[in-house]
1. Once both labels are modelled 7 Å past Cα along the beta-carbon direction, what's the S109-V124 spacing in nm?
2. How far, in nm, would the chain grow between E44 and L93 when pulled straight, counting 0.36 nm per residue and subtracting the alpha carbon separation?
3. Report, ordered by chain and residue number, the lysines lying within cross-link reach of K11, taken as a straight Cα distance under 19 Å and ignoring same-chain residues fewer than 8 apart.
4. Using the alpha-carbon centroid of each, what span in Å lies between the stretch 13-28 and the stretch 110-128?
5. Suppose only helical runs count, i.e. DSSP H with n ≥ 4. What mean residue ellipticity at 222 nm does that imply for the chain under -39500 (n - 2.57) per run, divided by all residues and rounded to the nearest 500 deg cm²/dmol?
Amino acid sequence: MISVICGIIYKSDQVFVARRKPRKSMGGFWEFPGGKLEDGESEEECLQRELFEELGMQVEVGSFFNENIHDYGLFRIKLTAYKCEFVEATMKLVDHDQYKWVLPEELLSFELAPADIPIAERVVEITT
């Protein structure tokens, strides 16, 4: 199982989502950005590292939000989400080709990666 850490990144009343580049794994799907947990790093360190590498983004990592285990057939992931507050970003797009700040109730209108859907549903549930 692959451990992936993602951020529910807030700026005012909006949440950040990004779309995976077509040639990447899960290409074309929208997601809460983050990445794979490496040996010896905490989940919070992983999230800060991945967001900076992929988006040039800095956030304040807050509390644990939710987690979901999803079987993609060829691999399984444990997706762990943390609430984050946006600080700043250059928005360099390494693994993504688009990004948006959206209201929580808009999240489910995006074609989200399957592992992200239960987390998005929880975001909508607690904000509506």
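1. Taking the two extended label points, one gets 1.1 nm.
2. Extra length from E44 to L93 when fully extended: 15.5 nm.
3. Filter leaves K83, K92, K100.
4. Comparing the Cα centres of the stretch 13-28 and the stretch 110-128, I get a distance of 14 Å.
5. Computed mean residue ellipticity for the chain: -6000 deg cm²/dmol.
Coordinate-derived values only; no laboratory data. The model shown is predicted, which means the values in this text are computed figures rather than measured ones. FYI the Cβ positions are ideal-geometry reconstructions off the backbone, even for glycines, and counts take in every protein chain you see.
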